[in-house]
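Okay, structure first, notes after.
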Amino acid sequence: MAVTQATTVSDELIAAFARLVPQLSTSAQLPTRAELEEIVSSPAATILLARDPDGQIIGSLTLVVFRTPTGTRAWIEDVVVDEAARGRGAGEELVGEAIRLASESGARTLDLTSRPSREAANALYEKVGFRARETNVYRHDLG
């Protein structure tokens, strides 16, 4: 298994997101080529890809690192591993690389959110050192 950074948008990447996004969210729309190009070219975002030994993309994670007046912040978003490849360490490899990159960026902390129903994902996050915070998460629907 290898973790790489998406540096270009290819038909392979588009097909991988077409397969992976529905496994992450039933309500999310598939990203367009233009949207993926925007993410890949953003200095704040890094798409990490987990590849099986044959080189097929089996998982993805987006790391976002940005500067605020109080310091450099880092967030993990949209972690997904193909159902057929779960339980083989791809999620742990993706998160481990995100931790490394966030640390190198100067961020003091790395945050993520995960629904309580995603038990395997939550167990993974705790296994690699994430701890639940005493905070409220608010959302304002802009749609």
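Derivation of every value follows stated rules applied to the coordinates shown; laboratory data play no part. None of these values were measured; they are calculated from a predicted model. With ideal geometry, Cβ positions are generated from the backbone for all residues, glycine too; neighbour counts draw on all protein chains shown.
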### Message
surrounded by 15 or more Cβ atoms within 10 Å (Cβ to Cβ), closer than 24 Å to Ile14 by Cα and of a type outside the set (D, E, K, R): is that true of Ala107 in this structure?
### Response
no
## Note on the structure
Note on the stretch 64-94: residues within 11 Å of Val3 (Cβ to Cβ) and in contact with a helix residue (DSSP H, G or I) (Cβ under 8 Å, 6 or more places away or on another chain) are Gly91, Glu92
### Some residue of the stretch 24-40 being within 12 Å of the chain's Cα centre (by Cα) and under 23 Å from Ala132 (Cβ atoms)
yes
#### Entry: Near pairs, Cβ below 8 angstrom, 6+ apart or cross-chain, from the stretch 30-52 (farther than 16 Å from Ala102 by Cβ) to any residue that is loosely packed, with under 13 Cβ neighbours inside 10 Å
Leu30/Ala18; Val40/Thr7; Val40/Thr8; Leu49/Gln5; Ala50/Ala2; Arg51/Ala2
### Task
Considering (1) surrounded by fewer than 17 Cβ atoms within 10 Å (Cβ to Cβ); (2) of a type in the set (Ser, Thr, Tyr); (3) under 11 Å from the mean Cα position of the chain (by Cα), say which one Ser60 fails and leave the rest.
(1)
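Just give me the residues in the stretch 1-24 being among the polar types (S, T, N, Q) and either touching a residue at least 60 places away in the same chain (Cβ under 8 Å) or part of a helix (DSSP H, G or I) (or both), in sequence order.
Gln23
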